[in-house]
Amino acid sequence: MKTIAHQLDAAFRAAIRAAFDLDADPLITASQNDKFGDYQSNAAMGLAKLVTERTGQKTNPRAVAEQILAKLDLGGMADGPPDKNWIAGPGFINVRLSPRWVAAQLAAAAKDDRLGVEAVEVPQTVVVDYSGPNVAKEMHVGHIRSTILGDAVARVLEFRGDRVIRQNHLGDWGTQFGMLIAELRSVGGGAEHIEDLEAFYVQAKKRFDAEPAFADEARQTVVQLQAGGSDELGLWQRIVAETRRHYQAVYETLGVGLKQSDERGESFYNPYLADVVRELRAKGLAVESEGAIAVFADGPGKAPLIVEKSGGGFLYGTTDLAALRYRTEQLHANRVLYFVDARQSQHFQQVFATARKAGWAEGVALEHAAFGTMLGPDGKPFKSRTGGTVKLKDLLGEAEERAFALVTEKNPELPEDRRKAIAHAVGIGGVKYADLSKDRTSDYMFSFDAMLATDGNTAPYMQYAYARVRSIFRKAAEREISYAGLAAATFDVSAPQEIALAKQILRFGETVEGVARELKPHLLCAYLYDLAGKYSSFYEACPVLTSEEPTRTSRLALADLTARTLAKGLDLLGIEHPEQM
Ligand code: ARG
């Protein structure tokens, strides 16, 4: 079924057309304050201007609102014929949904596997570029936001019905591999373990800077690697494989759905780079500049995007252009999303502008879903106690340990494996949810205490809320109360808390739509938090198991639908939700 906002949009649009012969956006928004009903149309102000211009007669927004109301047919969505009482302030039109209509919508949602959320009419092919760890380095907190946010959005888009293509743009190519391979050779070691690789890397960099002979060797090694030298390629592959072993384990722990088949590292685009530069030059977009080849994407005099270094060699930007061309031409993307740190904003602006001019993104939406920095308790970029970067693996381990202590304190009687499973859900969920629940564009402060708190907008709170809703069905079973399930449910919502809960449930589809549009999972977190709160108010005010029929069944179904919505929402975020905590 259509979302409430869409249904209102259609009805208001028709009324505006009937009243003014205009096709205007009715500007429907959910009301922030119950005083102003559930939804409002803010179109009258803009329309008044238009009508005044057109007729030459001063028309005020309230008069416009009245004329819209005179033509408005909501077909049962609201009680009574639209009247002047619906108009507030200068001309806002407030709509309060009818409880009977709400009950009917609930019944429809209850019978639907998708909880009444329609799939998109025209599915898009969406490439989601996220995670992108760098080879020979352990994943650090800088990659966590990309991995978590990108994964949640990919799930949301899939649920909406889009064809999602995940792309893990690994940093697996470049001059650093010359150093690394040269160093590995000179110490006679293999790519034994990711931690050794990190140490090798530091050592190699030192030598590269200090020993000209080593630097030369490193440069030659890169050339051989890029030319496909079998010895160099073999070592490189071992390094990549070892790094993969490491990050795949992190994905596994995080419950992130990236597979090896989603990998399109920088190396993948190596064969296309020369052609990208050739085409850019042929189109007059790339020019020689101080020996290098550059695209002045932001105009002359501004910092250009360099696509080939002086003396040869391609760069990060060249690879991104090749990747973009591949995504539109080979993968047929309609939309390409990049979950990458805000510090790369200029880079993506230049890449997008260049690709557009080159004709590689005709009709394709290119979006940099930028995110802020993860900060430590001191408000500075998050560092370990010794000042190094914090390794993701250690951080996740600590989250699980802390969660285990908390779970044990709360439920000492539970068997250890149950406590471990809950601690995994709470600890990992806590880290993920802390990230997902903040607006991605702002920096955010990492705090174990805050993310594991059982109150506030946190994973543990949401998980307890879900388990609490589910517990009512165990109690019902113990008391041998029969409940036939959602498929057969009928709803009768009349208490204010029931109505508020029901309306919140019905906003799920709108919320999912907002996340898909704005690429902001925090909108879904806020929605679920609100839903849990409305359920609590309902549960406090409205007896369920002790009510008479048919109220009891209606309320059980309302609880059931709440649980299903919470579960679906948490699934889309990639947060586990145990049945029992
Ligand atoms: N490896 C990069 C980094 O660590 C992230 C890759 C982002 N994706 C892209 N298409 N550039 O900064």
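The values are calculated or read from the model by the stated rules, or taken from the named source; none is laboratory data. These figures come from a predicted structure and were not determined experimentally. Ideal geometry is used to build each Cβ from the backbone, glycine not excepted, and the neighbour counts take in all protein chains shown. Side chains included, ligands, DNA and RNA excluded: accessible areas come from the protein's heavy atoms. Shrake-Rupley method; radii C 1.70, N 1.55, O 1.52, S 1.80 Å.
For GLU540, indicate whether it is open to solvent by 30 Å² or more (accessible area, probe 1.4 Å), touching a residue at least 60 places away in the same chain (Cβ under 8 Å), assigned to a helix (DSSP H, G or I) and farther than 20 Å from ASN33 by Cβ. Taking the combined requirement at face value, the residue does not satisfy it. Within the range 122-165, the set of residues being away from the ligand (no atom under 11 Å from the Cβ), modelled with pLDDT under 95 and farther than 19 Å from GLY574 by Cβ comprises ALA136, GLU138.
Scanning the range 269-288 for residues that are within 34 Å of the chain's Cα centre (by Cα) and open to solvent by 70 Å² or more (accessible area, probe 1.4 Å) yields PRO271, TYR272.
Residue-level check: of (1) over 29 Å from LEU506 (Cβ atoms); (2) in a helix (DSSP H, G or I), LEU414 misses just (2).
Residue by residue, here is whether (1) out of contact with any His (no Cβ under 6 Å at 6 or more places or on another chain); (2) closer than 22 Å to LEU8 by Cα; (3) of a type outside the set (Val, Ile, Thr); (4) surrounded by 17 or more Cβ atoms within 10 Å (Cβ to Cβ) holds:
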{"position": "PRO460", "(1), (2), (3), (4)": "yes, no, yes, yes"}
{"position": "ARG470", "(1), (2), (3), (4)": "yes, no, yes, yes"}
{"position": "ARG479", "(1), (2), (3), (4)": "yes, no, yes, no"}
{"position": "LEU486", "(1), (2), (3), (4)": "yes, no, yes, yes"}
{"position": "VAL493", "(1), (2), (3), (4)": "yes, yes, no, yes"}
{"position": "GLN497", "(1), (2), (3), (4)": "yes, no, yes, yes"}
{"position": "ALA502", "(1), (2), (3), (4)": "yes, yes, yes, yes"}
{"position": "LYS520", "(1), (2), (3), (4)": "yes, no, yes, yes"}
{"position": "LEU524", "(1), (2), (3), (4)": "yes, yes, yes, yes"}
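Among the conditions (1) over 23 Å from ASN33 (Cβ atoms); (2) assigned to a loop (DSSP other than H, G, I, E, B), the only one that VAL493 does not satisfy is (1). Could you list, in sequence order, the residues of the range 480-514 that are of a type in the set (S, T, N, Q) and either over 20 Å from ASP112 (Cβ atoms) or modelled with pLDDT under 95 (or both)? If the condition is that a residue be of a type in the set (S, T, N, Q) and either over 20 Å from ASP112 (Cβ atoms) or modelled with pLDDT under 95 (or both), then SER482, THR490, SER494, GLN497 are the ones that fit. For residues in the range 349-364 being under 15 Å from THR318 (Cα atoms) and of a type in the set (Val, Ile, Thr), which is nearest to the ligand (Cβ to nearest atom)? My answer is VAL351. For the range 31-47, the criterion of being over 36 Å from the mean Cα position of the chain (by Cα), on the phi < 0 side of the Ramachandran plot and not charged (D, E, K, R) is met by none of the residues. Of the residues making up the range 88-124, those that are surrounded by 19 or more Cβ atoms within 10 Å (Cβ to Cβ), among the small types (Gly, Ala, Ser) and on the phi > 0 side of the Ramachandran plot are GLY91, GLY116.
Among the residues of the range 331-348, those identified as open to solvent by 10 Å² or more (accessible area, probe 1.4 Å), within 13 Å of the ligand (Cβ to nearest atom) and not β-branched (Val, Ile, Thr) are ASP341, ALA342, ARG343, GLN344, SER345, GLN346, HIS347. Take the residues of the range 365-380 that are touching a strand residue (DSSP E or B) at 6+ places or on another chain (Cβ under 6 Å) and of a type outside the set (Ser, Thr, Tyr): which is farthest from the ligand (Cβ to nearest atom)? Selected residue: LEU375.
One line per residue, one yes/no per condition, for (1) among the hydrophobic types (A, V, I, L, M, F, W, C); (2) over 26 Å from PHE382 (Cβ atoms):
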residue	(1), (2)
HIS143	no, no
ARG155	no, no
ILE194	yes, no
GLU232	no, yes
ARG244	no, no
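Being in contact with a strand residue (DSSP E or B) (Cβ under 6 Å, 6 or more places away or on another chain), more than 12 Å from the ligand (Cβ to nearest atom) and not in a strand (DSSP E or B) is a property that GLU118 lacks. Pairing each residue of the range 547-564 that is open to solvent by less than 10 Å² (accessible area, probe 1.4 Å) with any residue that is part of a helix (DSSP H, G or I) and of a type in the set (S, T, N, Q), provided the two are 6+ apart or on different chains, yields C-beta distances under 9 Å for THR562/GLN504. Screening the range 358-395 for residues that are hydrophobic (A, V, I, L, M, F, W, C) and farther than 21 Å from SER345 by Cα and picking the one that is surrounded by the most Cβ atoms within 10 Å (Cβ to Cβ) gives LEU392. Cβ separations smaller than 8 Å between residues 6+ apart or across chains give the following pairs from the range 121-146 residues that are over 30 Å from ASP196 (Cβ atoms) to residues that are within 10 Å of the ligand (Cβ to nearest atom) and assigned to a loop (DSSP other than H, G, I, E, B): VAL128/PHE339. Filtered by the rule that a residue be assigned to a loop (DSSP other than H, G, I, E, B), open to solvent by less than 30 Å² (accessible area, probe 1.4 Å) and closer than 28 Å to ASP79 by Cβ, the range 33-59 gives GLY37, ASP38, ALA43. Looking only at the range 294-319, filter to residues that are β-branched (Val, Ile, Thr) and crowded, with 21+ Cβ neighbours inside 10 Å; which one of those is farthest from the ligand (Cβ to nearest atom)? Step by step, filter the range 294-319, then rank; the result is VAL295. Taking the range 203-259 as the range and being of a type in the set (A, V, I, L, M) and within 30 Å of GLU576 (Cα to Cα) as the test, the residues that pass are ALA241, ALA249, VAL250, LEU254, VAL256, LEU258.
Filter the range 357-401 down to the residues that are assigned to a loop (DSSP other than H, G, I, E, B) and under 21 Å from LEU452 (Cα atoms) and list them by number. Answer for the range 357-401, where residues must be assigned to a loop (DSSP other than H, G, I, E, B) and under 21 Å from LEU452 (Cα atoms): THR373, GLY376, PRO377, ASP378, GLY379, PHE382, LYS383, SER384, ARG385, VAL390.
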